[in-house]
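The values are calculated or read from the model by the stated rules, or taken from the named source; none is laboratory data. None of these values were measured; they are calculated from a predicted model. Ideal geometry is used to build each Cβ from the backbone, glycine not excepted, and the neighbour counts take in all protein chains shown. In case anyone asks, the SASA skips ligands and DNA or RNA and just uses the protein heavy atoms, side chains included. Shrake-Rupley method; radii C 1.70, N 1.55, O 1.52, S 1.80 Å.
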Amino acid sequence: MARSGLLRRLLTASMAVLFGLAALTTAAHAQIKGGVVRVGNLGEPPALDAHWTTASITETLTNHVYEGLYSLDSSNRPIPMLADSHTVSKDGLVYTFKLRQGVKFHNGKEMTSEDVVASLGRWGKQSIYGKALFAQVSELKAVDKYTVEMRLKEKSAIVLISLAVPNNFGAIYPKEIAEKFPPEQKATEYIGTGPFKLAEWKPDQYIRMVRFDDYKSRNEKPNGYGGGKTAYVDEIRWIPVPEVATRVAQVETGELDFADDLNLDSYDRLKKSPNARPIVSKPYYWLVAVFNKKEGLMTNQKLRQAWQAAIDIEPIMKNVAGGKSEFYRMDSSLAPVEISSWHTKLTGLPWNEHNRDKAKRLLQESGYKKEPIRFMTTQEYKWMYDFALLTKQQLEDVGFNIDLQVVDWATLVKRRNNSKEYDVFTTGIGAAYDPTHHVYLTANWPGWTTDEDIQRIQSELARETDPKKRMALWEQQTRQFYEKVPVIRYGDLFGLRAMRNTVKGFNEKTERIRFYNVWLEK
Amino acid sequence: MGPYLVRRVLALLPVMAVVVTVVFLLIHLIPGDPVSVMLGPDATTTQIEKTRQALGLDRPLYDQLLGFYARILRGDLGQSYFLDRPVTRALWERAEPTLVLTGLALLVAVIIGVPSGTIAAAYRGSLWDRGLMFMSLLGVCIPGFWLSLNLIYLFAVRLGWLPAAGYVSIFSDPAAGLRYMVLPALSLGFNQSALIARIARSCMLEVLQQDYIRTARAKGLSNRVVIYVHAFRNALVPVVTVIGITTAVLIGGAVVTEIVFNIPGLGRLIISAILRRDYPVVQGVVLVTAATYVLINLTVDLLYAVIDPRIRYE
């Protein structure tokens with residue numbers, strides 16, 4: 001009895017010590033309020049109007065200042081943000097959204113249904129995701145102060161996901177601002193409901209966002225892009241630093257706390273740095289060569305299939321990733337691993353066959369007479385230029401004649417809208433959170449994928465609400481993709497970021513960077 | 001002098017008109033347009049057309065050009081597509097960093113260049129001469145970009161003595177402002193010092209051959225007096241020309257330095273404007289740079305008369 005008593009006391013004592021130690025260590029990592037986090041990025045955003053442009057830098061910045069009805073969780077599925085809940089009618093044609101109450105805009109006004117209707121109406125006319133959704137919407141109206149009703153023309157699979165995607169998103173503006181600026185005009189007043197508000201914008205120098213003290217956070221834990229958001233830092237200062245070597249140097253010296261969009265050659269240096277470390281950002285882009293299917297040589301499907309059969313993707317990816325296996329992934333799925341709902345593991349796809357005989361046979365069957373194929377790329381994104389160059393070499397080995405045209409990004413973006421000016425161009429496909437968001441499968445995006453089967457499956461995907469059936473459709477679409485070859489899918493490329501060790505709480509798993517829930521250690 | 005001055009200033013106008021027209025045509029004729037860049041790569045054709053109309057970009061080129069002239073004569077350089085402010089304001093905000101950088105770089109270039117050239121000439125053929133001219137050769141050959149990055153790596157990252165990049169106004173905080181300017185001014189100045197050194201050396205050598213120099217030496221004057229009192233001023237005229245050209249080159253050529261050191265000056269402004277096809281800003285910067293260049297040339301010409309009393313203009 002005495003021994004068990006002693007044992008028990010010993011156990012209690014050690015538990016107390018352990019708990020004490022645990023408390024001490026967690027106290028050391030407790031979030032600290034205050035400070036300015038300085039983030040170095042590529043350049044200036046063309047606008048801070050979230051409805052207006054798909055530019056990724058606008059996406060990153062506006063998601064600190066504005067919020068939408070929904071957001072994405074850590075599995076990239078829609079979860080409520082400004083909405084409290086929603087119900088769907090039995091026939092699937094009426095969505096009723098209940099809004100959270102007491103949410104304030106940065107100007108003190110409360111967010112209500114009239115702000116939501118005005119903002120989403122504007123978004124539905126300008127944003128690519130808004131327009132795709134509103135093509136199915138017959139009416140959006142405010143039922144009462146905190147209730148919004150959306151009536152659909154047909155059953156839709158994309159309501160919540162469209163309201164949740166962070167890019168070119170359905171940000172809720174005050175009604176006055178949404179009505180003041182017509183959809184095709186950039187809004188130049190910035191009032192949102194987000195944890196930070198815009199304090200100052202000095203173009204090409206910095207953009208300052210400060211904590212919004214009346215921010216009403218959700219009660220859940222942070223979850224992906226959504227859940228609870230706390231602004232620990234007093235200010236986020238976004239500093240455009242166009243020269244990438246300088247961006248890295250400034251993180252090393254401490255002039256910046258974070259730098260995004262870095263070149264892969266800084267990786268080794270950052271790994272050795274005592275005060276900063278590298279972050280591999282996934283997903284980043286999958287590399288793609290887009291064919292002009294409206295006119296010209298590449299309207300010939302066999303020719304496209306020949307290209308697909310010829311290329312050996314792994315050495316290209318390895319080269320583009322600077323030889324570092326941490327920075328690329330071989331995958332045939334059209335949605336990357338991180339978008340788990342739509343990731344496919346199909347076998348037997350003609351992806352990365354690197355079969356020269358098959359390629360030569362297809363070339364012959366296509367009737368190709370060695371005419372030059374205009375392949376447009378740019379050096380402004382080094383990885384685009386690299387994979388274009390390597391592709392040209394591989395293709396010329398099997399009998400293609402590639403005319404590589406190197407232009408600047410502004411020219412490429414302009415020219416790719418004109419079907420007379422090119423046959424193929426390079427770009428990267430970023431995260432698409434829904435099958436209907438894969439732009440290269442649509443008829444209006446450069447390249448003009450008008451194949452009947454692909455278009456039919458895309459429209460079914462927009463309407464089919466059963467998740468299992470949707471996945472089956474998506475797998476069918478993937479097989480169609482590899483047979484009809486609207487574009488060539490290479491591998492996944494990852495990006496590089498740098499962060500000082502004093503920055504804590506940063507979520508490394510999201511595609512784009514966020515600085516709420518982040519604090520600075522002394 | 002008076003009528004000469006007036007004529008020179010009037011001659012500015014045709015020069016500027018030509019420069020501005022050429023740049024207008026160039027920037028509008030190269031492929032790519034601001035709207036595609038602004039709206040993002042996934043914009044539809046209808047959206048792009050609507051925004052182009054709103055910006056007046058769908059009007060015929062000659063119409064846009066005439067509209068541009070009309071605005072310039074009113075002193076209105078237009079509105080930047082990206083910066084949401086008048087071009088004049090954008091230029092005004094960015095002029096200070098470029099002027100400060102150019103001024104300091106010029107100072108560095110002159111402080112390195114003129115004494116190097118003078119000493120090299122005075123001790124011609126010696127180790128001094130060869131050493132200094134080798135340094136000036138390095139100044140010409142070393143790419144400014146490479147030099148800038150290495151200066152950052154050494155002094156900012158490894159030693160931590162100076163900041164890697166950025167800008168603080170000298171007028172708000174002189175000490176910090178100067179710290180940020182040391183590396184960029186050094187890099188830019190070193191490149192430009194080379195030409196100044198070489199020209200100073202050649203001019204000095206030529207002057208030292210002159211009769212009056214031999215007379216001065218015959219009179220028994222020390223080498224130092226001969227060089228600094230008698231030879232120096234006479235060698236100055238071509239050197240002043242080079243310094244003038246260098247100033248103009250610096251204003252335009254500070255672009256690379258501004259990008260590497262992230263200085264928000266006119267050089268960075270014009271590069272981002274070109275890449276984004278921000279037409280009004282490109283036109284505005286070129287107009288202002290051309291005007292500055294011409295004015296500097298005029299100032300240099302007038303300075304000759306001050307330095308060399310023999311020079312007179314009709």
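Please report, in debye to the nearest 20, how large the charge dipole of region B:1-129 is about its Cα centre when each Lys and Arg carries +1 at its beta carbon and each Asp and Glu carries -1 there.
Numbers: 11 positive and 10 negative charges, 98 e Å.
Charge dipole, region B:1-129, about its Cα centre: 480 debye, nearest 20.
Would you tell me the mean number of C-beta atoms belonging to other protein chains that fall within 10 Å of each C-beta in B:151-164, as a whole number?
Details: counts 0, 8, 4, 0, 1, 7, 8, 2, 0, 3, 0, 1, 5, 13.
Across the residues of B:151-164, the mean count of other-chain Cβ atoms within 10 Å is 4.
About the Cα centre, and with charges only on the beta carbon of Lys, Arg (+1) and Asp, Glu (-1), how big is the dipole of region B:123-213? Nearest 20 debye, please.
Charge dipole of region B:123-213: 240 debye, to the nearest 20.
Would you mind getting the Kirkwood hydrodynamic radius of region B:200-277 from its Cα pairs, rounded to one decimal in Å? Before the final figure, lay out the partial values.
Values: mean 1/r = 0.0645 Å⁻¹.
Result for region B:200-277, one decimal place: 15.5 Å.
If you average the alpha carbon positions of region A:374-448 and of region B:42-89, how far apart do those two centres end up, in angstrom?
Using only Cα atoms, the two centres lie 29 Å from each other.
Please sort B:64-72, B:106-114 by packing, taking for each peptide the average over its residues of neighbouring beta carbons within 10 angstrom, highest first.
Values: B:64-72: 14.6, B:106-114: 21.1.
The packing order, highest mean first, is B:106-114, B:64-72.
Quote the relative contact order of region A:245-299 in percent (integer), defining contacts as alpha-carbon pairs under 8 Å separated by 6+ residues. Present the calculation step by step, with values, prior to reporting the outcome.
On the way: 25 pairs, mean separation 11.1, N = 55.
It rounds to 20 percent for region A:245-299.
Around B:Phe134, with a cut-off of 15 angstrom between Cβ atoms, what is the net charge of the other residues, counting Lys and Arg +1 and Asp and Glu -1?
Within the 15 Å Cβ shell, the charges total +3.
What do you reckon, how do A:Ser75, B:Ser148 stack up by accessible area (1.4 Å probe), largest on top?
Numbers: A:Ser75 40, B:Ser148 0 Å².
Greatest to least solvent exposure: A:Ser75, B:Ser148.
Name the shape class, rounded, prolate or oblate, that the alpha-carbon gyration tensor gives for region A:327-460, where a ≥ b ≥ c are the square roots of its eigenvalues, rounded holds for a/c under 1.5, and otherwise prolate holds if a/b is larger than b/c and oblate otherwise. Spell out each step's value before the answer.
On the way: a/c = 1.43, a/b = 1.22, b/c = 1.18.
Rounded, since a/c falls under 1.5.
Helix-only mean residue ellipticity at 222 nm, chain A, DSSP H runs n ≥ 4 weighted -39,500 (n - 2.57), per residue, nearest 500. What is it?
Numbers: 15 runs with 169 residues, N = 522.
Calculated mean residue ellipticity at 222 nm is -10000 deg cm²/dmol.
Pop out the carbon and sulfur fraction of the accessible area of the protein assembly as shown as a percent, whole number, probe 1.4 Å.
58 percent
Counting only other chains, what is the mean number of Cβ atoms within 10 angstrom of the Cβ of each residue in peptide B:261-270? Please list the in-between numbers first.
Values: counts 3, 12, 1, 6, 1, 0, 0, 5, 2, 0.
Mean number of neighbouring Cβ atoms from other chains: 3.
So which lysines pass the test for A:Lys324, namely a Cα distance under 26 Å, with those fewer than 8 places away in the same chain ruled out?
The qualifying lysines are A:Lys271, A:Lys272, A:Lys282, A:Lys345, A:Lys382, A:Lys392, A:Lys509.
Report for the protein assembly as shown the percent antiparallel among DSSP-assigned beta bridges with both residues inside it, nearest 5.
Values: 56 of 72 bridges.
Percentage antiparallel, nearest 5: 80.
For the interface of chains B and A, what total accessible area is buried with a 1.4 Å probe, rounded to the nearest 100 Å²?
On the way: alone 17030 and 22710 Å², together 36280 Å².
The buried area between B and A, both sides summed, comes to about 3500 Å².
In straight Cα distance, which lysines are under 16 Å from A:Lys125, not counting same-chain residues fewer than 8 positions off?
Within the straight-line cut-off, A:Lys125 pairs with A:Lys141, A:Lys175, A:Lys180, A:Lys186, B:Lys50.
Rounded, prolate or oblate: which fits region A:90-185, taking a ≥ b ≥ c as square roots of the Cα gyration tensor eigenvalues, rounded meaning a/c under 1.5, else prolate when a/b beats b/c?
Details: a/c = 1.87, a/b = 1.26, b/c = 1.49.
Cα axes put region A:90-185 in the oblate bin.
For chain B, I need the span (max minus min coordinate) of the C-alpha atoms along each principal axis, in Å, sorted largest to smallest.
Ordered largest first, chain B gives principal extents of 85, 58, 35 Å.
Specify the inter-centroid distance of region B:171-205 and region A:272-287, based on alpha-carbon positions, in whole Å.
If you average the Cα positions of each part, the centres end up 37 Å apart.
Count, for each residue of B:21-31, the Cβ atoms from other chains sitting within 10 Å of its Cβ, then give me the mean as a whole number. Display every interim value, and only then the final one.
Details: counts 0, 0, 0, 0, 0, 0, 0, 0, 0, 5, 10.
For this peptide, the per-residue mean of nearby foreign Cβ atoms is 1.
Excluding same-chain residues fewer than 8 positions from B:Lys219, which aspartates and glutamates have a Cα within less than 15 Å of its Cα?
Once the sequence-local aspartates and glutamates are set aside, what remains near B:Lys219 is B:Asp211.
Please compare each pair in A:Lys104/A:Lys221; A:Lys153/A:Lys469; A:Lys153/A:Lys221 to a cut-off of 29 Å on the Cα-Cα distance and tell me which ones are over it. Could you put the intermediate results ahead of the total?
Numbers: A:Lys104/A:Lys221 21 Å; A:Lys153/A:Lys469 21 Å; A:Lys153/A:Lys221 36 Å.
Distance filter (> 29 Å) returns A:Lys153/A:Lys221.
Counting only heavy atoms of the protein chains, get the accessible area per residue of region B:94-195 (1.4 Å probe) and round it to a whole Å² value. Each step should come with its number before you reach the end.
Details: 4910 Å² over 102 residues.
Ligands and nucleic acids excluded, the result is 48 Å² per residue.
What area, in nm² and to one decimal, does the C-alpha convex hull of the protein assembly as shown cast on average over all directions?
On the way: hull surface 201.2 nm².
Orientation-averaged projected area of the Cα hull: 50.3 nm².
Read phi for every residue in region A:196-213 and hand back ³J(HN,Hα) as whole Hz from Karplus 6.51 cos²θ - 1.76 cosθ + 1.60, θ = phi - 60°, with x for Gly and Pro.
For region A:196-213, the Karplus curve yields 10, 10, 6, 9, 7, 10, 10, x, 6, 10, 6, 10, 10, 10, 10, 4, 9, 5 Hz.
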